[in-house]
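Asker: Structure below; questions to follow.
The values are calculated or read from the model by the stated rules, or taken from the named source; none is laboratory data. The model shown is predicted, which means the values in this text are computed figures rather than measured ones. All Cβ positions, glycine included, derive from the backbone under ideal geometry; neighbour counts span all protein chains shown. These accessible areas exclude ligands, DNA and RNA; they are computed on the full protein's heavy atoms, side chains included. Shrake-Rupley method; radii C 1.70, N 1.55, O 1.52, S 1.80 Å.
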Amino acid sequence: MDYKFEMPKYFPKEFDEKFDKFPNAKLVEVEKDGISPEGYHALSVFPEYFKINDKWVLALQSRMDTVAVAIDEPGNERVDVVEFRNLKKGDKVVVGRKEDGSEGIYVYTEGFVDKSEKEEATFGFREGRSRETAFSKDYDELYEVLKYEKENNGYVTWVLGTATSLDEESDDALARIVENGYANAIFCGTAAVAYDLERAKFNTVEGQEEYLNSQNTRENFYEIINRVNEVGSIKEYVEKEGIETGFVAAAVRNNVNLVIAGTIRDRYTFNDTYNNVYEAQDEMRRNIKKSSTVIMSSAILFTIATGNMTPSYNEINGVIRPVFMYTVDIQEFAVNKLSDRGTLTAKTMVTNSQDFIKNIDRNLNQK
């Protein structure tokens, strides 16, 4: 099936006379770092406008679990989206709970809906789907989205669980995806990286040779972390040992940002791992702020974390456009969990993540 990709157009909110009568948003200064004033307005993933100095200002990168900090300098009005812990004394926080404009706050849910057409535009809010759903159109769309991002300096972030690294073919497929310019950042845990490097060095995963029923061990898993940390960093180890296979080596060769976030389950991590949760969040957000497409595969906790910090829209190359989000997992529960947590714009695909990666590779790199 041929799929013709067109970037959904953003239709700015038109504020009529009714909105002229509404007051400016109420601003209250922060008195102590990290403590928001009472009655703060909590942002969502939707586009949101704030009336500042009688102007309706769009907050860029609106996202979950954040507050709006207004800059009310005449002629330079803007709204910064700030995590609670990053608030500083003197910041002017928007206060108010009504979202219809009557308190100078307007949540806009129809930014990518062309009202001149009968049907909703391509970018819309979708319900979770099941394993009975046909995903052929979604694959065709994703292929074209990734081609568009590569050709137009987009920023593609992948969020990965360990499943991809456990299989030689899917790991190699991901490496080709990285090598061919379809990834700019990768979020994952320690295990995904360790399994990849273990296979590259020892030709095992959890001590088991591919497709053999020998007993699993953790020896090579910890040994690879030992060796990497002894050298200093993942990049230094890959270059020193001449590692050529796997997605980690491909990421190093192509300067793809590899963000490894630690978890409470980790017994041993790389020097490169962010073991402080706030530092991990900060580095993930640094990449998400630039992201135009996010693909989350078989990593439910990382998926929820990433999805909640990803805006449904962004300004990319001077254009307001949607941020495309895909969640992929063999479990319906896993892919639909993100929408339960408030991220309504992710497209879900219920499938084996290893097959998913190989399909992407086959259609982008092997045609």
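Asker: Given (1) of a type in the set (D, E, K, R); (2) touching a Pro at 6+ places or on another chain (Cβ under 8 Å); (3) closer than 25 Å to E198 by Cβ, identify the lone condition not met by R321.
Answerer: All conditions are met except number (3).
Asker: Restricting attention to segment 334-361, and to residues there that are of a type in the set (K, R) and either part of a loop (DSSP other than H, G, I, E, B) or within 14 Å of the chain's Cα centre (by Cα) (or both), which single residue is modelled with the highest pLDDT?
Answerer: K347
Asker: Enumerate the pairs (first residue in segment 258-275 and farther than 12 Å from N226 by Cα and small (G, A, S); second residue anywhere and open to solvent by 60 Å² or more (accessible area, probe 1.4 Å) and in a strand (DSSP E or B)) with beta-carbon separation below 8 Å, excluding pairs fewer than 6 apart on the same chain, so at least 6 apart or on different chains.
Answerer: Within 8 Å, the pairs are A261/Y274; G262/Y274.
Asker: Filtering segment 172-186 down to residues that are in contact with a Phe, Trp or Tyr (Cβ under 6 Å, 6 or more places away or on another chain) and not small (G, A, S), which residue is surrounded by the most Cβ atoms within 10 Å (Cβ to Cβ)?
Answerer: Among those residues, the one meeting the criterion is L174.
Asker: Oh, and also: Which one of these does E127 not meet: (1) modelled with pLDDT of 90 or more; (2) outside any helix (DSSP H, G or I); (3) of a type outside the set (A, V, I, L, M, F, W, C)?
Answerer: Of everything listed in (1) modelled with pLDDT of 90 or more; (2) outside any helix (DSSP H, G or I); (3) of a type outside the set (A, V, I, L, M, F, W, C), E127 misses just condition (1).
Asker: Now for a separate question. Quick one: how many residues across segment 237-265 are closer than 21 Å to V205 by Cβ and either open to solvent by 20 Å² or more (accessible area, probe 1.4 Å) or in a helix (DSSP H, G or I) (or both)?
Answerer: Here the count works out to 16.
Asker: Applying the selection to segment 263-276, what residues are modelled with pLDDT under 95 and within 20 Å of the chain's Cα centre (by Cα)?
Answerer: Across segment 263-276, the qualifying residue is only T263.
Asker: Taking segment 29-68 as the region of interest, how many residues are more than 25 Å from F112 (Cα to Cα) and buried (at least 16 other Cβ atoms within 10 Å of the Cβ)?
Answerer: So the answer is 4.
Matching residues to (1) closer than 19 Å to N308 by Cα; (2) of a type outside the set (F, W, Y); (3) at pLDDT below 95; (4) more than 27 Å from the chain's Cα centre (by Cα):
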site	(1), (2), (3), (4)
Y49	no, no, no, no
D54	no, yes, no, yes
S62	yes, yes, yes, no
R78	no, yes, no, no
Y108	yes, no, yes, no
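Asker: Right, here's the next one. Sort out which residues of segment 279-315 are aromatic (F, W, Y) and closer than 12 Å to C188 by Cβ, and write them in order of number.
Answerer: Correct list: F302 only.
Asker: Looking only at segment 1-24, which residues are open to solvent by less than 100 Å² (accessible area, probe 1.4 Å), among the hydrophobic types (A, V, I, L, M, F, W, C) and within 30 Å of the chain's Cα centre (by Cα)?
Answerer: Correct list: F5, M7, F11.
Asker: Something else now. What are the residues in segment 140-169 that are crowded, with 23+ Cβ neighbours inside 10 Å and either touching a Lys or Arg at 6+ places or on another chain (Cβ under 6 Å) or part of a loop (DSSP other than H, G, I, E, B) (or both), if any?
Answerer: G161
Asker: Follow-up question, since we're still on this one. Which of the residues belonging to segment 77-118 are among the aliphatic types (A, V, I, L, M) and under 14 Å from W56 (Cα atoms)?
Answerer: V79, V94, I105, V107
Asker: Another one. What are the pairs with Cβ atoms under 8 angstrom where one residue, in segment 46-57, is in a loop (DSSP other than H, G, I, E, B) and the other, located anywhere, is of a type in the set (G, A, S)? Sequence gap at least six, or different chains.
Answerer: F46/S62; F46/G111; F46/S312; P47/A59; P47/S62; P47/G111; P47/S312
Asker: For A194, all conditions in the list (1) open to solvent by 70 Å² or more (accessible area, probe 1.4 Å); (2) modelled with pLDDT of 95 or more hold save one; what is the number of the exception?
Answerer: For A194, the exception is condition (1).
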